[in-house]
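Here is the structure we will look at.
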Amino acid sequence: MTTVADAMPQRRQIQRWAPPMVQSLLPLTAVILLALATILPIGALLMRSLFDRHGSFIGLANFVRYLAEPGLSIAAWNSITLSGIATALTVVIAYPVAYAFNRSRMPMKGVFRTIIMLPLLAPSLLPALGLIYILGTQGIAKDLLFGGQLYGPNGIVIASIIYALPHAVLIMSSGLAQSDARLYEAARALRAGPWRQFLQITLPFSRYSVISAASVCFVLIFTDFGIPTVVGGSTNVLATDIYKLVIGRFDFELGAVVGVLLLLPAVAAYGIDVLARRAQRATITGKSVPVAPSKSPMRDIALTAFTAIVCFAILFVIGMAVFGSLVKFWPYNLSLDFKNYTRVFVDSDDGRALIASLWLAGATVVFGAMAVAITGWLVARRIGGGLPRQMVQALAMLPVAVPGLVLGLGYIFFFNAPANPLSVFFGTLTIMVVCTVAHFYTVPHLMVVGTLLRADPEIDLAARALQSSPLGTARRIHWPMLLPTMIDVCMYFFVNAMTTVSALIFLFTANSRVGAIAVVNLLEGSRFGQAAALAVLIMLISIFATLALNSVKFYILKSQPWRSK
């Protein structure tokens, strides 16, 4: 039996051993794991684009061969132009909505905000399916569409707007919420009217959030695979062509070339976003005063009407997808039943895919949350040497600039290489979990870093004075402070794991197919009703998980009264 006297030396020995381990081994381990999950697969993709199928180095010959195929060059042009048009329209629509949420006294803001965020909780395929039921060749309003054809550029642009709109509203809302009320007080003192205040204060002050939103939306639309697959018709884009090259023609070299082409605009857009965020931070000071919306009935009525129209459009599109999932045989028998939902569970493949999605999402939450908590803590609290910590931060920021299709293709080249001992995991749910965590890693990492940076550095100084180890300080102080943020991290990982298609389209097998991929397969077989039912089930699971995690977050905040002090 161990006595207290025997345990004390052991405890002192552990305390002497733990700090060196934390300071050196933990950052190094984080660097290795992040490199395996991100930079090495991307490096394998870049290398494959410079070699032929026999493994001989050929330089840029694959790029020349790609440019020689007119259909593929047209796909690149279509991707750029359609993404640009959809991004511009998304920003134009999202800005008044974000303005209404932050600068008006619009009623029912919570209801409108919930509706705007609905596309985040569903695969991008669901809005595209709703558009088919509305504007497709057998849609209820097929003659209303300009040009009379949904499949092609029209469908890609409209569905992409619905898909990217919540992201743009969130980013712009963040920018509009950080304005300084003192500027408006000075403008009113100089007798500037509301319109002049908007043009000379609001619009210039929020331009960085607009640039950031445009950059994010362009990358999302440019690299999305689901929407062009459903409503793209014969319009080729890079996101679908890379799939055709790899899966249809087994031309991995040209697939790697297209992956590089997808990567370049994403990196450029991310660079623009970084510059915009740095400039935005330079305009905010510690003396800034939050803006309280003034009373303006005409403004509030106009913004409420516009937001209501946008919300109605989103509800109508998603509602039609739900309606289509309940119809017996569209458009000839519109009676309602649950036959399509029954098929999802009776069909062993689709039911197994839905269960695999739950396993994927659950494992992504567990391992992703653990990973971002550790790397965010290492970076924010300056644990370890300067170089390893900087490498952790750089590797954690890399995935935000890498499209899911590119990352998935890189996983094929890296993890499926015969010389790689990790190739035993290829084709399993494990590698899909790793890819999903890596793909969505940056935003949760920044959430953790941002939360921990709010802790005063004097806390760490006091902990050192009391001879508390870094792990002990993290357990007693940092972890309780981080708990609500970790709930948000879990929500982010879960929803994205349930709805993502692009990151996993190259990695699944018959035994590891997930729900979002099953929706794509059902659409390829023209089983639209069953595909809509499966997509709706994914959305409902995401909604339920979000509500459950929000309830946990509310309980945590209620159990921590020190936050209100």
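Just so it is clear, none of the values below were taken in a lab; they were calculated from the coordinates. Here the structure is a predicted model, which means the values were calculated and not measured. No Cβ is skipped: glycine too gets one built from the backbone with ideal geometry, and neighbour counts run over all protein chains shown.
Model label sites at Leu422 and Gln138, defined 7 Å from Cα along the beta-carbon direction, differ in position by 4.6 nm.
Distance between the 7 Å Cα→Cβ label points at Phe250 and Leu334: 4.8 nm. Database remark: amide H of Lys328 closer than 5 angstrom to the amide H of Ser335, Asp337 (H placed geometrically; neighbours at sequence offset of 5 or more, or on other chains; Pro and chain starts carry no H). Note that region 152-169 has calculated 3J(HN,Hα) couplings of x, x, 4, x, 4, 5, 5, 5, 5, 4, 5, 5, 8, 4, x, 4, 5, 5 Hz, one per residue in order, obtained from phi through the Karplus relation 6.51 cos²θ - 1.76 cosθ + 1.60 (θ = phi - 60°); glycine and proline are x. The simple Förster model, with R0 at 25 Å and r as the Cβ-Cβ distance, assigns Leu25 and Leu264 a FRET efficiency of 0.10. If the segment from Met117 to Met47 were pulled out straight at 0.36 nm per residue, it would be longer than the present Cα-Cα gap by 21.3 nm. Counting 0.36 nm for each residue step from Ser348 to Ala313 and taking away their Cα separation leaves a gain of 9.1 nm.
Projected label points at Ser296 and Ile85, each 7 Å from Cα along the beta carbon direction, are separated by 3.3 nanometres. Averaging the Cα positions of each part gives two centres, and for region 212-274 and region 79-149 these lie 21 Å apart. Here the peptides 50-61, 31-42 are ranked by packing, the mean other Cβ count within 10 Å, and the order with the highest first is 31-42, 50-61. In this structure the amide hydrogen of Phe51, modeled in the peptide plane, comes within under 5 Å of the amide hydrogens of Ile58, none closer than 5 places in sequence on its chain.
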